[in-house]
Amino acid sequence: MEHLTDRGVIRDLMQRYGFQFSKAKGQNFIVNPSVCPRIAQAAGLDAHTGVIEIGAGFGVLTHELALRAGKVVVIEIDQRLLPVLEETLAEHDNVTVLCQDVLQVDLAALIAREFAGMRVVVAANLPYYITSPILMKLLEERLPIESITVMVQKEAAARITAPLPSRQAGALTAAVRYYSEPEMVMQVSRGSFFPAPQVDSSVIRLRLHTDPPVHPKSERAFFHMVRAGFSTRRKTLLNCLCASLELEKGQARALLAAAGLGEQVRAEELSLADFARLADLWADFSSKG
Ligand code: SAM
């Protein structure tokens, strides 16, 4: 169904299906007609590509994805949307709607079941209240997906695509860089949504690495170190490590010295290689008791 960006069409669907937007579910639907085609384009689709979409809404983005991809599986938590989607996506025979919380879905099994022999990408206008958990799930589960093209809140996009090291960097920045190459695709103003949210948005694309840029001895120790380092933004790394890793000041000083880092250094000044080196040294320190 076309014209899903028309507020009149949306109001008509809302009235006929007795639907009200849920703020708690992050329901701000795209009404700027140029946005969905651009997200679909940025996702790099063709007839051999399977797409996982997260959050269908009324299906405005699903429609553009279905026009270009071999198959779309869209995961939508809100069952009130199912009858609406049956109407709005009726013309597409390559769309499957799953009514589930994306955070509970076994995505590896879904991919094996739905997309055998296809390249797989993710494309979505994410529910912003769970941006980080969704991205971390997509990255950490080591799924056979090539890229993730998603709309997120503008500030989140800046953090996710920030260079490392940089002032804007945080634990999410480091995790994203470990698993992927992030890039900014476009800016989208709040007026492009209905209802309009309080914030502007950006579309970003993460191209997943086949091999991470650093190889810490233990990924667990590496991410523990990243989280510890960024645990308190204004503190020095020395203080963060003492507080989060329960190290004595002397031990934390020795760790920094062994990694070739100064006592005044902050996490935002560290590269992925620095975190990997620190994590390896910390694992050695801990194993020696
Ligand atoms: N794709 C539509 C669009 O762009 O107009 C809707 C995007 S809206 C920002 C986010 C959608 O995600 C909503 O339809 C909401 O119901 C759905 N959603 C929220 N939490 C979810 C979850 N945990 N799992 C799956 N879908 C979710």
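The values are calculated or read from the model by the stated rules, or taken from the named source; none is laboratory data. Remember, it's a predicted structure, so these values are computed and weren't measured experimentally. Ideal geometry is used to build each Cβ from the backbone, glycine not excepted, and the neighbour counts take in all protein chains shown.
Summary table below
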{"item": "Which numbered condition His92 fails, given (1) more than 10 Å from the ligand (Cβ to nearest atom); (2) closer than 15 Å to Thr49 by Cα", "result": "(2)"}
{"item": "Any hit, region 250-268, residues being in contact with a Lys or Arg (Cβ under 9 Å, 6 or more places away or on another chain) and closer than 30 Å to Leu143 by Cα", "result": "yes"}
{"item": "Long-range neighbours under 7 Å by Cβ, at least six apart or interchain, first residue in a loop (DSSP other than H, G, I, E, B) within region 235-251, second charged (D, E, K, R) and surrounded by 17 or more Cβ atoms within 10 Å (Cβ to Cβ)", "result": "Thr236/Arg266"}
{"item": "Among residues of region 179-195, those that are within 17 Å of the chain's Cα centre (by Cα) and not in a strand (DSSP E or B), counted", "result": "1"}
{"item": "Flag if Thr149 is among the polar types (S, T, N, Q), without any contact (Cβ under 8 Å) to a residue 24 or more places away in the chain and touching a strand residue (DSSP E or B) at 6+ places or on another chain (Cβ under 9 Å)", "result": "no"}
{"item": "Residue match in region 39-49 (condition: crowded, with 20+ Cβ neighbours inside 10 Å, closer than 21 Å to Val9 by Cα and either within 11 Å of the ligand (Cβ to nearest atom) or modelled with pLDDT under 95 (or both))", "result": "no"}
{"item": "Residue list for region 105-161, restricted to those being hydrophobic (A, V, I, L, M, F, W, C) and in contact with a Phe, Trp or Tyr (Cβ under 8 Å, 6 or more places away or on another chain)", "result": "Leu139, Val152, Ala156"}
{"item": "Cβ-Cβ under 6 Å pairs, at least 6 apart or on other chains, region 1-30 side within 19 Å of Ile54 (Cβ to Cβ), far side of a type in the set (Asp, Glu) and within 9 Å of the ligand (Cβ to nearest atom)", "result": "Lys25/Asp78"}
{"item": "Selected residue [within 16 Å of the ligand (Cβ to nearest atom), among the aliphatic types (A, V, I, L, M), under 21 Å from the mean Cα position of the chain (by Cα) and part of a helix (DSSP H, G or I)] from Leu85, Leu138, Leu81", "result": "Leu138"}
{"item": "Residue under evaluation Glu146, criteria (1) out of contact with any helix residue (DSSP H, G or I) (no Cβ under 7 Å at 6 or more places or on another chain); (2) among the acidic types (Asp, Glu); (3) within 13 Å of the ligand (Cβ to nearest atom), criterion not met", "result": "(3)"}
{"item": "One residue from Leu126, Leu139 being touching a residue at least 24 places away in the same chain (Cβ under 8 Å) and in contact with a Gly (Cβ under 9 Å, 6 or more places away or on another chain)", "result": "Leu126"}
{"item": "Subset of region 1-38 (residues that are among the acidic types (Asp, Glu), surrounded by fewer than 13 Cβ atoms within 10 Å (Cβ to Cβ) and farther than 19 Å from Ala124 by Cα)", "result": "Asp12"}
